């Protein structure tokens, strides 16, 4: 009986040890990724404690008639890709004029919170032959997971200047691939198999970036007091800037309107 009990205890201890080691491995992996995203190299940005910081919040709007939604043609793998309508996401304007997917950032900020405040998981999905999100932020050196739940072949191809191009096939059995980007820049991703698929990835060197929501709203938090140039980037409308002053512990409001695009 004692031998049986000893064997049971040994087996239980072994299972506990295996589970503990797995958990520690997961924690170590997460910590490594967090460390990578918190230490951009050569960016001129210094991580420092933000005391009595403020915020910048507002909305980005379009000062013209909202463009009519444009349906994209699905020409391949329609049994998977054609289940839902695919719409052009290059300029999405809400009923009240808010512009979705504008990248708002503080230009040239020198110090503040760390990139780890953005989290440690960054994902680009391809479900339904559609890149999601259409616009995303990925810190330098952070791991970007590229998912393929469709059960068909995709081929992700990035177009960049500072970072080497990523051009790899992702067959139906390869549900996940990963990549990293070492230099901050705006990158376009396309699928060579499904030509309508497109996404914009902004590789960032500091955490003071945000993407507007469906109503054009945004907020940048834990901003050190000071006067800043805020940059707005939109896929169709381009890059614009505005000035704002953030007082200690105060919320600054910054609303910006893109002029109507010429026909």
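Laboratory data are not the source of any read-out in this text; all were calculated from the coordinates shown. Please read all numbers here as calculations on a predicted model, not as lab measurements. Methodologically, a virtual Cβ is constructed for each residue, glycine included, from the backbone with ideal geometry; neighbour enumeration extends over all protein chains shown.
Under 8 Å for C-alpha pairs, at least 6 residues apart: give me the relative contact order for segment 159-259, rounded to a whole percent. It rounds to 15 percent for segment 159-259. Cβ-to-Cβ counts within 10 Å put 116, 185 in ascending order as 185, 116, the fewest first.
Between rounded, prolate and oblate, where does segment 178-220 land on the alpha carbon gyration tensor, with a ≥ b ≥ c its root eigenvalues, rounded for a/c under 1.5, else prolate if a/b exceeds b/c?
oblate
Test of understanding: ordering 65, 174 by Cβ neighbours within 10 Å, fewest first, what list do you get? If you can, show how the numbers build up before the last one.
On the way: 65 9, 174 14.
Ranking 65, 174 by Cβ neighbours within 10 Å, fewest first, gives 65, 174.
Annotation: segment 157-263 has a Kirkwood hydrodynamic radius of 17.0 angstrom, from the mean reciprocal C-alpha pair distance. Ranking of 122, 173 by neighbouring Cβ atoms within 10 Å, starting from the fewest: 173, 122. Centroid-to-centroid, using Cα positions, segment 172-235 and segment 122-138 are 10 Å apart. Remark: the Cα gyration tensor places segment 46-259 in the oblate category, a/c being 1.5 or greater and a/b not exceeding b/c. DSSP beta bridges confined to segment 46-259 are antiparallel in about 70 percent of cases.
Ordering of 233-240, 216-223 by packing is 216-223, 233-240, highest average first (other Cβ atoms within 10 Å, averaged per residue).
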